[in-house]
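First up is the structure itself, then whatever we jot down about it.
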Amino acid sequence: MSQPPRANVDSYGFEWPKDFNHEQYDDFMSKYITVLSRRAKKWEKLLNSKEGFRKSNKVKRYVRKGIPSSQRGVVWSLISGAKELKDQQPDLYTTVLKGPLKQEIIETIDLDIPRTFPDNIYFKTESPDSKRESLKNVLLAFAHKNPLIGYCQGLNFIAGIMLLVTDSEDMTFWLLQSLVERILPDFYTKEMTGLLTDIGVLEELIKAKVPQVHERMVQTGVSWSMYVSKWFICLFAEVLPIETVLRIWDCLFYEGSKILLRVAVTLVIKNQDKILAAKNFVEITEVFKSLPLGATVTECHTFMQAIFRVPGSFPRAYILKLREYCREKVEKEKAHKKVLQEQQKQRQLEEKRAREAALELKRQEEEREAALQAEKDKLALENEVEKLSPCDDENVTPEESNAKVRTEDITKEEVEASCGNNVSAEVNQNPKAAVIASFSTESIKQVANGKQTSPLTHEESSKSTTEVSP
């Protein structure tokens with residue numbers, strides 16, 4: 001009998017990878033479903049008990065064995081403290097969304113929404129069942145409720161999975177609020193002090209539990225933050241299979257952030273042979289990429305049992321001591337980095353001032369050179385003018401002077417002659433003008449050129465006068 005065609009996605013809407021081992025997964029789930037069914041009955045009884053729900057060793061044991069998917073949202077809200085926070089401000093979520101909302105935050109979130117789980121049918125497109133708009137609302141409300149954090153990349157994946165589990169914007173908002181405020185303080189701030197501290201704690205734990213791996217990482221110059229940052233920021237959401245992630249979060253909401261350390265240490269210990277076999281940076285990088293793959297992490301029930309067995313004891317006092325030590329280191333490194341940044345800023349300022357001073361000196365030098373050149377050009381022009389100007393009057397000969405006067409007179413009479421009848425009207429008043437008016441054109445030219453020194457004889461003068469007189 002042929003089996004029905006397999007769905008393209010899992011129960012949470014994630015598409016199966018092309019190389020996914022379905023046979024191995026089906027074998028695991030056939031056994032795991034029985035476990036989940038048995039756990040669901042126990043959880044239902046616990047949640048409906050008369051004494052009510054409260055933290056206890058029994059609840060802790062139940063959480064470590066897994067919360068059934070049908071009850072996970074409710075249990076998460078109880079064990080994380082999200083319900084308590086919501087009860088204090090029941091209308092906060094809707095109030096924040098009513099605004100005002102910052103456009104800058106809206107645009108940043110809009111860019112990240114399409115990048116959130118592109119392999120999940122609920123976030124892949126804007127379908128009727130899409131959760132994109134709900135995810136945007138949750139992230140907007142959180143960013144405006146927590147201005148010191150705003151929107152931090154990685155929160156979109158966390159909120160996305162919470163929406164898949166709770167199917168409620170309001171509850172997802174409060175789960176996110178409880179996670180950041182109570183369980184992982186300083187993880188998502190701009191300085192990420194909590195995140196850097198726990199990366200340091202992980203390094204110290206590896207150094208204590210698998211020193212050979214720590215030594216190999218030091219030899220190859222590989223920083224733990226290169227790989228672990230992504231693990232911790234998205235709480236393994238982008239790293240491990242969804243069912244395994246949900247089981248990790250069950251414990252995270254109840255026991256706190258040391259669960260992340262347990263998961264990371266377990267992954268390293270289970271793959272220490274591969275890490276030690278890597279000879280250089282490139283090979284170690286490939287090993288870390290492969291850590292979240294295979295049956296080790298797919299069989300979530302087995303994996304969760306391993307994280308409490310393989311790393312050994314994680315006493316709370318010991319973890320707190322390591323965190324105190326690592327946080328101090330982080331703070332010192334931050335202070336040192338700040339000093340270096342200030343020194344660099346000061347050097348840049350001094351270099352800028354030096355460049356400006358050099359430019360100012362160059363500008364002044366250019367102005368001086370331009371002024372000197374202008375003075376030289378002025379002197380040269382004055383010399384040229386002196387060479388081209390006419391001689392002084394005291395050096396002019398009598399003949400030249402008379403020619404000059406005659407030329408000026410003729411030029412004046414020539415202008416008057418061009419005035420037509422006006423000249424005739426003035427003849428009686430100015431005999432000299434009448435005489436000159438009778439000159440021929442040729443005579444005027446000769447006088448103007450200095451060729452005729454005595455233009456009229458006495459007789460001609462008398463004759464001209466007689467002719468002009470009335």
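The values are calculated or read from the model by the stated rules, or taken from the named source; none is laboratory data. Note that this is a predicted model, so its numbers are computed, not measured. A quick note on method: Cβ atoms are made from the backbone with ideal geometry, for glycine too, and the neighbour counts reach across all protein chains shown. Side chains included, ligands, DNA and RNA excluded: accessible areas come from the protein's heavy atoms. Shrake-Rupley method; radii C 1.70, N 1.55, O 1.52, S 1.80 Å.
Considering the stretch 304-338, the residues that are more than 20 Å from Trp249 (Cβ to Cβ) and crowded, with 17+ Cβ neighbours inside 10 Å include one that is nearest to the chain's Cα centre (by Cα), namely Val330. Checking the structure you have, find out if any residue of the stretch 357-370 is among the basic types (Lys, Arg), modelled with pLDDT of 90 or more, surrounded by 10 or more Cβ atoms within 10 Å (Cβ to Cβ) and under 32 Å from the mean Cα position of the chain (by Cα). The answer is no, given that none of the residues of the stretch 357-370 is among the basic types (Lys, Arg), modelled with pLDDT of 90 or more, surrounded by 10 or more Cβ atoms within 10 Å (Cβ to Cβ) and under 32 Å from the mean Cα position of the chain (by Cα).
Scanning the stretch 41-86 for residues that are surrounded by fewer than 18 Cβ atoms within 10 Å (Cβ to Cβ) and assigned to a loop (DSSP other than H, G, I, E, B) turns up Asn48, Ser49, Lys50, Glu51, Gly52, Phe53, Arg54, Lys55, Ser56, Pro68.
Note on the stretch 107-124: among residues that are more than 15 Å from Gly13 (Cα to Cα) and charged (D, E, K, R), the one that is surrounded by the most Cβ atoms within 10 Å (Cβ to Cβ) is Asp112.
Can you confirm whether Thr220 is at pLDDT below 90, hydroxyl-bearing (Ser, Thr, Tyr) and surrounded by fewer than 18 Cβ atoms within 10 Å (Cβ to Cβ)? It is true that Thr220 is at pLDDT below 90, hydroxyl-bearing (Ser, Thr, Tyr) and surrounded by fewer than 18 Cβ atoms within 10 Å (Cβ to Cβ).
For (1) under 19 Å from Ile269 (Cα atoms); (2) touching a helix residue (DSSP H, G or I) at 6+ places or on another chain (Cβ under 9 Å); (3) assigned to a helix (DSSP H, G or I); (4) of a type in the set (Val, Ile, Thr), each residue gets a yes or a no:
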position	(1), (2), (3), (4)
His214	yes, yes, yes, no
Val218	yes, no, yes, yes
Ser223	yes, yes, no, no
Met226	yes, yes, yes, no
Phe232	yes, yes, yes, no
Leu240	yes, yes, no, no
Leu246	no, yes, yes, no
Leu252	no, yes, yes, no
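Checking each residue in the stretch 255-303 for being over 37 Å from the mean Cα position of the chain (by Cα) and either within 17 Å of Phe232 (Cα to Cα) or outside any helix (DSSP H, G or I) (or both) picks out Asn271, Gly294, Glu299. The single residue among Ala277, Ala264 that is surrounded by fewer than 21 Cβ atoms within 10 Å (Cβ to Cβ) and at pLDDT 90 or above turns out to be Ala277. Quick check on Lys190: is it outside any helix (DSSP H, G or I), farther than 30 Å from Glu15 by Cβ and open to solvent by 10 Å² or more (accessible area, probe 1.4 Å)? Yes, satisfied. Residue-level check: of (1) among the basic types (Lys, Arg); (2) in contact (Cβ under 8 Å) with a residue 60 or more places away in the chain; (3) part of a loop (DSSP other than H, G, I, E, B), Lys18 misses just (2).
The residues in the stretch 280-294 that are within 24 Å of Glu243 (Cα to Cα), open to solvent by less than 90 Å² (accessible area, probe 1.4 Å) and of a type in the set (A, V, I, L, M) can be counted, and the count is 2. Scanning the stretch 125-155 for residues that are under 20 Å from Glu104 (Cα atoms) and crowded, with 23+ Cβ neighbours inside 10 Å yields a total of 6. Screening Val330 against (1) in contact with a Leu (Cβ under 7 Å, 6 or more places away or on another chain); (2) modelled with pLDDT under 90 leaves a single unmet condition, (2).
Of the residues that make up the stretch 5-14, is at least one closer than 24 Å to Ile161 by Cβ, open to solvent by 50 Å² or more (accessible area, probe 1.4 Å), among the aromatic types (Phe, Trp, Tyr) and within 45 Å of the chain's Cα centre (by Cα)? Checked the stretch 5-14: no residue is closer than 24 Å to Ile161 by Cβ, open to solvent by 50 Å² or more (accessible area, probe 1.4 Å), among the aromatic types (Phe, Trp, Tyr) and within 45 Å of the chain's Cα centre (by Cα). Scanning the stretch 174-201 for residues that are within 17 Å of Pro147 (Cβ to Cβ) and of a type outside the set (A, V, I, L, M, F, W, C) gives Gln177, Glu181, Pro185, Asp186, Tyr188, Thr189, Lys190, Glu191.
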